[in-house]
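Peer 1: Mind having a look at this structure? Questions to follow.
The values are calculated or read from the model by the stated rules, or taken from the named source; none is laboratory data. Predicted model only: the values in this text are computed from it and were never measured. Every residue, glycine among them, receives a Cβ derived from its backbone with ideal geometry; neighbour counts consider all protein chains shown.
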């Protein structure tokens, strides 16, 4: 930064010196010439363009000798006083330029020095380092941008740390169950039966599901998730997804319904990924709906043009309002104990959010304690040339699965 300050100061000082020198030279020559013309004019009685007339009549050399004879000691002292004043004024201007240059150099190099120090702190792991914003110019914008970047890096770092801890916890739980069951079988405490093997197999499936969800989540967050988009009938996809969960709903004593509007255009989506999204939402709804409750999957046009909408509603206990903004975060649980007991991976809704946003859509959640919950998503419709209504969506088909 010192070199930058020195360069700025030298540049400003150099420009000032050149300007003062040129100005002093021009003013000195102009003042001397005008004063000499004035004196000659006083001697001859003509105060007009005497210098030019004398040069034409007498020649430059004779004219100069005549001016020398006219100018006396007093006049020379006056001209020297003018020149001295110009030099003093030039010196004062240079000193002022040095002061102004130092001030400007400090104003420019100071914020850059603060920015460098803050960048080094961030590079050393101190993500709390910030740069004071002292102005609204480009340097102020640079400081504000650096602060925003540091905050974003801090959030991402905290998210990575929390996610690593959550992944370790989620992996440890089923592994501990598997280890305990196997040790019990080896020690003869628990007999080797089909039920015992089924319990271990269930935990391994939970582990496999968690690993698959983590992989999809990582790919979606980095923009590397492959999508095989094609015109897809969203109503038929909803009915197929609901049919997969019909046995589980019946086992839990929960009604499962599908409502699909008629004349729906096709959606421009990857059918496998959206089937995964609907499956995650249905699984979440069934997990939190008590026996005798109802889960409804609705598909229809959205309020925005060229957009389709799907919602999954349940009659469960609902979600407190303070938890709603966080339900799509990694491993977030409004009721963590119940989610682990029921076998949730903890990132199903986070996967939903990333997959839908990878399609250019959005997700939302609405709920109130004791009134159930509704999770919704919007997806783009296929282009008009490809968005003819599918045969299975030409008529409204509502029903209980």
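Peer 1: Here are 225, 308, 237, 278: which of them is in contact with a helix residue (DSSP H, G or I) (Cβ under 9 Å, 6 or more places away or on another chain), in contact (Cβ under 8 Å) with a residue 12 or more places away in the chain, in a loop (DSSP other than H, G, I, E, B) and closer than 19 Å to residue 360 by Cα? Walk me through it before giving the result.
Peer 2: Numbers: 308 fails: in a loop (DSSP other than H, G, I, E, B); 237 fails: in a loop (DSSP other than H, G, I, E, B); 278 fails: in a loop (DSSP other than H, G, I, E, B).
Within the list 225, 308, 237, 278, the selection yields 225.
Peer 1: Against the condition without any contact (Cβ under 8 Å) to a residue 24 or more places away in the chain, assigned to a helix (DSSP H, G or I) and assigned by TED's automatic domain parsing to the domain that holds residue 283, how does residue 251 come out, does it pass? Walk me through it before giving the result.
Peer 2: Numbers: without any contact (Cβ under 8 Å) to a residue 24 or more places away in the chain: yes; assigned to a helix (DSSP H, G or I): yes; assigned by TED's automatic domain parsing to the domain that holds residue 283: yes.
The answer is yes for residue 251.
Peer 1: Looking at segment 281-305, which of its residues are part of a loop (DSSP other than H, G, I, E, B) and under 29 Å from the mean Cα position of the chain (by Cα)? Show your work before the answer.
Peer 2: Applying the first criterion (part of a loop (DSSP other than H, G, I, E, B)) to segment 281-305 yields 288-293, 302-305.
302, 303, 304, 305, listed by residue number.
Peer 1: Mind telling me which of the residues 217, 207 ends up being in contact (Cβ under 8 Å) with a residue 40 or more places away in the chain, touching a helix residue (DSSP H, G or I) at 6+ places or on another chain (Cβ under 9 Å), surrounded by 13 or more Cβ atoms within 10 Å (Cβ to Cβ) and closer than 30 Å to residue 359 by Cα? Let's see the steps before the verdict.
Peer 2: On the way: 207 fails: in contact (Cβ under 8 Å) with a residue 40 or more places away in the chain.
None of the others qualify; the one that does is 217.
Peer 1: Of the conditions (1) modelled with pLDDT of 85 or more; (2) assigned to a helix (DSSP H, G or I), residue 191 satisfies every one except a single condition; which number is it?
Peer 2: (2)
Peer 1: Another one. Whether any residue in segment 262-271 is part of a helix (DSSP H, G or I) and in the same structural domain as residue 378 (by TED's automatic domain parsing) is what I want to check.
Peer 2: Our first condition is that a residue be part of a helix (DSSP H, G or I); within segment 262-271, this holds for 271.
Still in the list and also in the same structural domain as residue 378 (by TED's automatic domain parsing): 271.
Yes, some residue in segment 262-271 is part of a helix (DSSP H, G or I) and in the same structural domain as residue 378 (by TED's automatic domain parsing).
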